[in-house]
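Report on the structure given below.
The values are calculated or read from the model by the stated rules, or taken from the named source; none is laboratory data. Since we're looking at a predicted model, the values are computed, not measured. With ideal geometry, Cβ positions are generated from the backbone for all residues, glycine too; neighbour counts draw on all protein chains shown.
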Amino acid sequence: MSRIQIAATERSPLVDFDFASGRLCLRGESYPEDAAAFFGPLLQALRGHLGASEPEAITFEVGLAYFNSSSAKALMNLFMPLEDAAAEGRPVTIRWLYAEGDETIAEAGEDFAADFDHARFELVAEGHA
Amino acid sequence: MSGAETTLVAIRQDDAPTGAGPGSEPLVAGLGFEEVAEPAAPRRGGSLRGAGPMRREDLRAAAPFAEAAETDRIMKPGALRGAARGRDLDSLTRTLFLRIYPVIAIVVLLTQAGIAWVNYADQLRLYTERANLLAALTASAIDRPGWERAAGTFGPQLQALARDPAFRYAALKDGQGRIVGTAGETPRGKPWDLVQVSAALESAGSPGTLALVLSAEELRDNAGSQALLALGTSVVLMLAFVATLHLNLRRHVVAPVQRLLVAMRKVEHKHWTTVDLGGAYRPSNEIDAISQAFNSMVEGLRSGDEAKQLLQALERAHAELETANRQVIESIGYARRIQASVLPDPAALTPAGVDLAVLWEPLHLVGGDYYWLEEIDGLSVIVVADCTGHGVPGAFLTLIVATALDRLLHERGLRSPAAILAGLDAMVRTQLRQDGRGAESDDGLDCGICVWDPGHRSLRFAGAGLSLTAIRDGAVARVRGSRRGLGYPRTGREAPPEADSFVPVEPGTTFYLMTDGVTDQMGEPAPGQRPRLLGQRGVTERLAARAGEPLAEQVAGLERDLAAYRGGQPRRDDMTLVAFRLG
């Protein structure tokens, strides 16, 4: 599978995992009733891609206005294989987008950043859309 | 006139824009005579009524519906039902015939009689003139002085008259009225069969009269045969009229109207049948117009009926959903009573001198937020936990946490917040079987624990994913716990266990333990802006603004503030806040 695209809903984010071009994207809000069911297939696809493909550059853009703790855990699960791939030499960039002034999301980004030693983690403040 | 006819005429008068006038005749006159396919039912009998009783059977065969009882219930007073059987349609033919034909027959008879009479009178006049001429010619041929004695002269003349085929009798009389000579036989018979004329012989000295009688029988015979011819014409005309009327009514009135009636009967039983106009639709044809109006009416009824059925199905589904939802809500309401009874009394620490207020509001009646208050061995223990998920799954986890906490506090006698967190972490992981490979559960909890020792005035805090907030004189301080929560399958990257934090307790300080559901309030965005979380700072600002209020009022006020911030946005998570002041 070279691309996963899921439209955003009220409770789940827009997903656009374009493995072929190495661009992954999550946007919106994330508090699905069953976070494991929503993120499980994404995690599997990501692991499959990382295991099978040449170590080309990957950029993962996360711009969430709200996510619940289950989603936070799921994000962590997505980040881990990326960090592992970065440790093995693949250029990985995480772009953590937050609305300018949204301290909660910025803070959460800082918390996630602490987990990355090899991947590049960018905190990006976005102006009002 | 029967019901069906009346109906037809009434429709015509009301709806047809170019009505010729009331009555049956204009209806026929106004109908188009284009070809219409014969109905499938075979034609029976030749007479006007011949097809009637049989066609009723035909119609039943064409529309095999449930009989009388049901129909009677649906259709009253039954005009349509009777009409649909064809009886009244045949009487339409008969009525038209009885009303039109006598007029035509009388007119034809009178016309023929008039013509015969004129002919007769004309020929009679011609006959008379011919007789006069013959008499005059013969008289002048005979008229010689002394003619009465010259039998050799007038004899052949009289005989010559007999050559006329209509000749009957001639008599020659002298001046004294004596018959001098005759020809033919003295006529017997009725005077109107005879033409009698006379001519005078006026020679000087020998006056006389020639009387001539011709037969008019031929004229009478002519008139008689003409009358017979008129009668025959009337009969032929009648037959032709009957045949034409019957054929045309069948084709252009009865057949299409019967198709319409059969369709109407089907529609009565909700068989949505339209009338096939066969591409021969003409707006000027009233029956075509009625059929088309009927078709649109059937389409309207059909879609209305379908909409009604869909609506009913929807209402049934809605009722079922409502029942199911009510059962679920009742069940969860019951679960809420159980969960609430597991929670401690908010006044549990009042005897220990701890002023405390609680906000506990699950998103869906029950939730994953949990708090515990207990005084043990003179120590006040305050625990706030936020398990993953909310609703029923979250509530299950809180029961695991409650059990584990109870064992840690009472069986193992732990009093250090950090030690309790470590114990919770291990017990939850064991309970959820997260210590093996391929664990089913990826759940855990955030937790913050405070232990207040009033004797030493020491407040110890440890948190996992949960912070302690202190507000004093408008200044906000935050003691952050470790970033990671408790439980969850191990990833090999866990931070080393945290140690207890000793928090200074200044008079006038209010402490808050809150779950992220309190800070994660999504506000109603301004137009063109993205929705924004209230966040830690938003909450503490609002708490600081109410610093002077009693704790219960402060918590209630905060809840109102949060609702105001959300506006139309729904809450995202369970929320729990424990506020306390240490005496």
- Over the stretch A:40-83, the set of residues away from chain B (no Cβ under 14 Å) and touching a Ser or Thr at 6+ places or on another chain (Cβ under 8 Å) is A:ALA57, A:ILE58, A:THR59, A:PHE60
- State whether one or more residues within the stretch A:115-126 are in a helix (DSSP H, G or I) and of a type outside the set (Gly, Ala, Ser). no
- What number goes with the only condition from (1) in contact with a helix residue (DSSP H, G or I) (Cβ under 9 Å, 6 or more places away or on another chain); (2) free of Cβ contacts under 8 Å to residues at least 60 places away in the same chain; (3) part of a helix (DSSP H, G or I) that B:ALA402 does not pass? (2)
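Taking strands (runs of 3 or more DSSP E) that fall entirely within the stretch B:164-203, which contain at least 2 residues that are within 21 Å of B:ARG130 (Cβ to Cβ) and touching a residue at least 60 places away in the same chain (Cβ under 8 Å)? Reasoning before the result, please.
Values: elements: B:167-174, B:179-184, B:194-203.
Once the strands (runs of 3 or more DSSP E) in the stretch B:164-203 are filtered for at least 2 residues that are within 21 Å of B:ARG130 (Cβ to Cβ) and touching a residue at least 60 places away in the same chain (Cβ under 8 Å), what remains is B:194-203.
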- Message: With the requirement that a residue be more than 13 Å from B:SER206 (Cα to Cα) and either surrounded by fewer than 17 Cβ atoms within 10 Å (Cβ to Cβ) or modelled with pLDDT of 85 or more (or both), what does the stretch B:169-181 give you?
- Response: B:TYR169, B:ALA170, B:ALA171, B:ILE179
- Note on the structure: Here, strands (runs of 3 or more DSSP E) confined to the stretch A:1-101 with at least 1 residues that are out of contact with any Gly (no Cβ under 8 Å at 6 or more places or on another chain), surrounded by fewer than 15 Cβ atoms within 10 Å (Cβ to Cβ) and not β-branched (Val, Ile, Thr) are A:3-6, A:14-18
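Being within 9 Å of another protein chain (Cβ to nearest Cβ) and either out of contact with any Leu (no Cβ under 9 Å at 6 or more places or on another chain) or not polar (S, T, N, Q) (or both) is the filter here; which residues of the stretch A:84-105 pass it? Walk me through it before giving the result.
We begin by selecting, within the stretch A:84-105, every residue within 9 Å of another protein chain (Cβ to nearest Cβ); these are A:99, A:101-105.
Scanning the stretch A:84-105 gives A:ALA99, A:GLY101, A:ASP102, A:GLU103, A:ILE105.
Can you pull out every residue in the stretch B:528-583 that is aromatic (Phe, Trp, Tyr) and buried (at least 19 other Cβ atoms within 10 Å of the Cβ)? Please lay out each step first, then the result.
Start the filter on the stretch B:528-583 by keeping residues that are aromatic (Phe, Trp, Tyr), which leaves B:565, B:580.
Selection gives B:PHE580 alone.
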- Picking from B:ALA347, B:ALA340, B:ALA335, B:ALA319, the residue that is within 18 Å of B:VAL578 (Cβ to Cβ) and in a helix (DSSP H, G or I) would be B:ALA340
- Unmet requirement for B:THR510, which otherwise passes all of (1) over 60 Å from the mean Cα position of the chain (by Cα); (2) closer than 18 Å to B:ASP369 by Cα; (3) in contact (Cβ under 8 Å) with a residue 60 or more places away in the chain: (2)
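Does B:ALA499 satisfy the condition of being in a loop (DSSP other than H, G, I, E, B), of a type in the set (Gly, Ala, Ser), farther than 25 Å from A:ALA74 by Cα and at the interface with another protein chain (Cβ under 10 Å from one of its Cβ atoms)? Break it down stepwise before answering.
Numbers: in a loop (DSSP other than H, G, I, E, B): yes; of a type in the set (Gly, Ala, Ser): yes; farther than 25 Å from A:ALA74 by Cα: yes; at the interface with another protein chain (Cβ under 10 Å from one of its Cβ atoms): no.
No; evaluated as a whole, the condition is false for this residue.
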- Message: Just to be sure I understand the filter: pairs with C-beta atoms under 9 Å, separated by 6 or more residues or on different chains, first member in the stretch B:271-282 and without any contact (Cβ under 8 Å) to a residue 40 or more places away in the chain, second member among the aromatic types (Phe, Trp, Tyr) and assigned to a loop (DSSP other than H, G, I, E, B). Which pairs pass?
- Response: B:HIS271/B:PHE65
- Item | Subset of the stretch B:515-543 (residues that are more than 7 Å from every other protein chain (Cβ to nearest Cβ) and either within 15 Å of A:LEU64 (Cα to Cα) or assigned to a loop (DSSP other than H, G, I, E, B) (or both)) | B:THR515, B:GLN521, B:GLY523, B:GLU524, B:PRO525, B:ALA526, B:PRO527, B:GLY528, B:LEU534
- the stretch B:220-256, residues that are touching a helix residue (DSSP H, G or I) at 6+ places or on another chain (Cβ under 6 Å) and of a type in the set (Val, Ile, Thr): B:VAL254
- Item | Where B:HIS271 falls short, out of the listed (1) more than 25 Å from B:SER91 (Cα to Cα); (2) part of a helix (DSSP H, G or I) | (2)
- Query: How many residues does the stretch B:118-155 hold that are assigned to a helix (DSSP H, G or I) and either in contact with a helix residue (DSSP H, G or I) (Cβ under 8 Å, 6 or more places away or on another chain) or modelled with pLDDT under 85 (or both)?
  - Reply: 19
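Kindly state which strands (runs of 3 or more DSSP E) lie completely within the stretch B:424-489 and contain at least 1 residues that are away from chain A (no Cβ under 12 Å) and of a type in the set (S, T, N, Q).
Numbers: elements: B:444-453, B:458-464, B:468-472, B:475-479.
Ranges flagged: B:458-464, B:468-472.
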- Message: Which count do you get for residues in the stretch B:544-569 that are within 14 Å of chain A (Cβ to nearest Cβ) and outside any helix (DSSP H, G or I)?
- Response: 2
